[in-house]
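The values are calculated or read from the model by the stated rules, or taken from the named source; none is laboratory data. Everything quoted here is computed from the prediction, not taken from an experiment. Because the Cβ atoms are built from the backbone with ideal geometry, glycine has one as well, and the counts that use them run over all protein chains shown. Side chains are part of the model used for accessible areas, which takes the heavy atoms of the whole protein and leaves out ligands, DNA and RNA. Shrake-Rupley method; radii C 1.70, N 1.55, O 1.52, S 1.80 Å.
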Amino acid sequence: MPRKRPHHLIDNLVTATRILVNEGVMDVFGHVAVRDPDEADTFWLARAGAPARISADDILPFGLEGAPLVETSDALFSERFIHAAVFRANVTTMASGHHHAASIMPYCMGGRTLCALSQTGAWMGSVVPLWDSRNRFGDTAMLVNDMDQADDLAATLADRRLVLMRGHGALVTGTSIEDMTFRAVYACREADTLTAGLQIGSFMPLSEGEITRAEKLSSAAIARAWSHWTALLK
């Protein structure tokens, strides 16, 4: 059990979830987790429920095997293992989110690669990886509900911040909850831009040189976005 509840961090987790709902990234499904800043082998995640309804009282601590660190009879997200795996795999990851945004889903089918098209999407790189659970696990229920699958997903993500999941959705991570939220929103914006470009008939992705020069996110931009999005919450 963690020594104490990091109340500010938990409040930010709830705020990030509300932002992602408000910005159309999450709907009925999806969840956000954040690593405890004082105990790296602990992360905080809500009990299972509608994202728009989550409050600070719903947030529970979990270990890096995906098990809750407090006794609870509450329903838990079956895909909590996703967060455990990415926190275990990358010490710089402090927050992660899983969602099924409609903007992203067309690029989870395997027919078209998602790529960076603009300055706010440069961090995505020239190819966003697509994880296909069938490659190692055959036919599944399309849920990442054990550590073996979650570790395989985390290996596909590697040192990137976004991986798509065939027929399923996306996993996005960040060095803070604000950073993860920025990436989750702007990955969807980039997907919308690509979809529109394909409808027009052509598009021009960023070059490798442009990606190298623009891929580092500005802390000022992240703070500005967080300020803007929180102002829109009711």
Query - VAL127 paired with ALA50, simple spin-label distance in nm, labels 7 Å along Cα-to-beta-carbon - result: 4.1
Query raised in the report: Efficiency by 1/(1 + (r/R0)^6): what FRET value for MET109 and GLU215, r their Cβ-Cβ distance, R0 = 30 Å, to the nearest 0.05?
Result: 0.70
Requested in this report: Report in % the part of the accessible area of the chain that belongs to carbon and sulfur, leaving out ligands and nucleic acids; probe 1.4 Å.
Outcome: 51
Query raised in the report: Taking 0.36 nm per residue of separation and subtracting the Cα-Cα distance, what length does fully extending ALA196 through THR92 add?
Result: 34.1 nm
Report summary line: Taking Cα atoms, the helix 7-22 axis meets the longest principal axis of the chain at an angle in degrees (rounded to 10) of 40
Report summary line: Here FRET efficiency (C-beta to C-beta, SER73 to ALA231, R₀ 30 Å, nearest 0.05) is 0.20
Requested in this report: Please give the helix 177-200 orientation as an angle from the longest Cα principal axis of the chain, in degrees from 0 to 90, rounded to the nearest 10.
Outcome: 30
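Can you give me the accessible area per residue for the chain, using a 1.4 Å probe, in Å²?
47
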Query raised in the report: Going by average Cβ neighbours within 10 Å, how do the peptides 86-92, 11-17 rank, with the highest at the top?
Result: 11-17, 86-92
Requested in this report: Calculate the dipole size of segment 128-234 relative to its Cα centre from +1 charges on Lys and Arg beta carbons and -1 charges on Asp and Glu beta carbons; express the result in debye to the nearest 20.
Outcome: 400
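Evaluate E = 1/(1 + (r/R0)^6) for ARG224 and ASN22, where r is the Cβ-Cβ distance and R0 equals 25 Å; express this FRET efficiency to the nearest 0.05.
0.90
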